[in-house]
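Student: First the structure, then my questions, so here it is.
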Amino acid sequence: MALRDVDLALTRGYLARRGTVAGKAGGDFDVKVALDPLAITARGAASISDLSISDGPQALVKVPRVEATGLVYGWPAKVSLDRLRAQGAWALIERGRDGGLTLLSLLAPATPPSPSATRGSAAPSAAATGLAPEVSVRETLVENAGAAIVDSAVSPATRVEITGARLVVRDLTWPAKVPPRSNCSCRRPGAGR
């Protein structure tokens, strides 16, 4: 099965997170379905172009291209990847006056709607049903990445820009099962790497 130009806004209900997800996804998958008992599996490769995660009008994460190989999906919420590669990723990492990180607040589960509000609406999200995704990635590679780090909890507020970063993370799991191994390098202003 081939998917092309799937709008990522469709994932918001499944992920049940605050914020807005945008981008286009595609991939090539071998999908198998069994009805008794219900089982759905998919294997293949996927990509996302123009990924952004926003809090209102402010983009907190932007990634021009993400590629996943060795993808194995098991219904309802188990995903493993052999390799995840992102090019040109950028993030705004901001600590507010209250000390909270804006980006992390977008990962918090959204408040599920009341039962009366869901009548006649789409199926409940994974978070609303208590279903937690299980994710594992053997190797994550982020190249030519950048970030703006803003700390508004201090006075005066501080801003640091990072460019040209490279991050490799191995054996990443969610929820965490073992500590992942990682290596990060980035340019320092006027000093190389």
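Student: Regarding Gly70, is this residue in contact with a Gly (Cβ under 8 Å, 6 or more places away or on another chain) and either among the small types (Gly, Ala, Ser) or within 26 Å of Ala176 (Cβ to Cβ) (or both)?
Tutor: Numbers: in contact with a Gly (Cβ under 8 Å, 6 or more places away or on another chain): no; either among the small types (Gly, Ala, Ser) or within 26 Å of Ala176 (Cβ to Cβ) (or both): yes.
So Gly70 does not fit the description; no.
Student: Can you name the condition, by its number, that Ala9 falls short on among (1) exposed (fewer than 14 other Cβ atoms within 10 Å of the Cβ); (2) assigned to a strand (DSSP E or B)?
Tutor: Of everything listed in (1) exposed (fewer than 14 other Cβ atoms within 10 Å of the Cβ); (2) assigned to a strand (DSSP E or B), Ala9 misses just condition (2).
Student: In the stretch 38-84, how many are in contact with a Pro (Cβ under 7 Å, 6 or more places away or on another chain) and open to solvent by 50 Å² or more (accessible area, probe 1.4 Å)?
Tutor: The qualifying residues number 1.
Student: If you don't mind, there's one more thing I want to ask. Quick one: which strands (runs of 3 or more DSSP E) sit completely within the stretch 53-109 and have at least 3 residues that are within 15 Å of the chain's Cα centre (by Cα) and within 21 Å of Thr158 (Cα to Cα)? Working first, answer last.
Tutor: Working: elements: 58-74, 78-87, 90-95.
Once the strands (runs of 3 or more DSSP E) in the stretch 53-109 are filtered for at least 3 residues that are within 15 Å of the chain's Cα centre (by Cα) and within 21 Å of Thr158 (Cα to Cα), what remains is 58-74, 90-95.
Student: For the subset of the stretch 140-151 comprising residues that are open to solvent by less than 30 Å² (accessible area, probe 1.4 Å) and of a type outside the set (Val, Ile, Thr), which member is farthest from the chain's Cα centre (by Cα)?
Tutor: Ala148
Student: Here's another thing I want to ask about it. Considering only residues that are open to solvent by 40 Å² or more (accessible area, probe 1.4 Å) and without any contact (Cβ under 8 Å) to a residue 24 or more places away in the chain, which ones fall in the stretch 162-176? First the steps, then the outcome.
Tutor: Applying the first criterion (open to solvent by 40 Å² or more (accessible area, probe 1.4 Å)) to the stretch 162-176 yields 162-163, 166-167, 170-172, 174-176.
Correct list: Ala176 only.
Student: Has the stretch 14-27 got at least one residue that is surrounded by 15 or more Cβ atoms within 10 Å (Cβ to Cβ), in contact (Cβ under 8 Å) with a residue 24 or more places away in the chain and part of a helix (DSSP H, G or I)?
Tutor: yes
Student: Still on this model: Do you know which residues across the stretch 145-161 are part of a strand (DSSP E or B) and either in contact (Cβ under 8 Å) with a residue 60 or more places away in the chain or among the hydroxyl-bearing types (Ser, Thr, Tyr) (or both)? Spell out how you get there, then give the answer.
Tutor: Step one: list which residues in the stretch 145-161 are part of a strand (DSSP E or B), which gives 145-151, 158-161.
Scanning the stretch 145-161 gives a single hit, Thr158.
Student: Another question, if that's okay. Can you tell me how many residues in the stretch 88-130 are open to solvent by less than 60 Å² (accessible area, probe 1.4 Å), modelled with pLDDT of 55 or more and not small (Gly, Ala, Ser)?
Tutor: So the answer is 5.
The values are calculated or read from the model by the stated rules, or taken from the named source; none is laboratory data. Predicted model, so just to flag it, every value in this text is computed and none were measured. With ideal geometry, Cβ positions are generated from the backbone for all residues, glycine too; neighbour counts draw on all protein chains shown. SASA here: full protein model, heavy atoms, side chains in, ligands and nucleic acids out. Shrake-Rupley method; radii C 1.70, N 1.55, O 1.52, S 1.80 Å.
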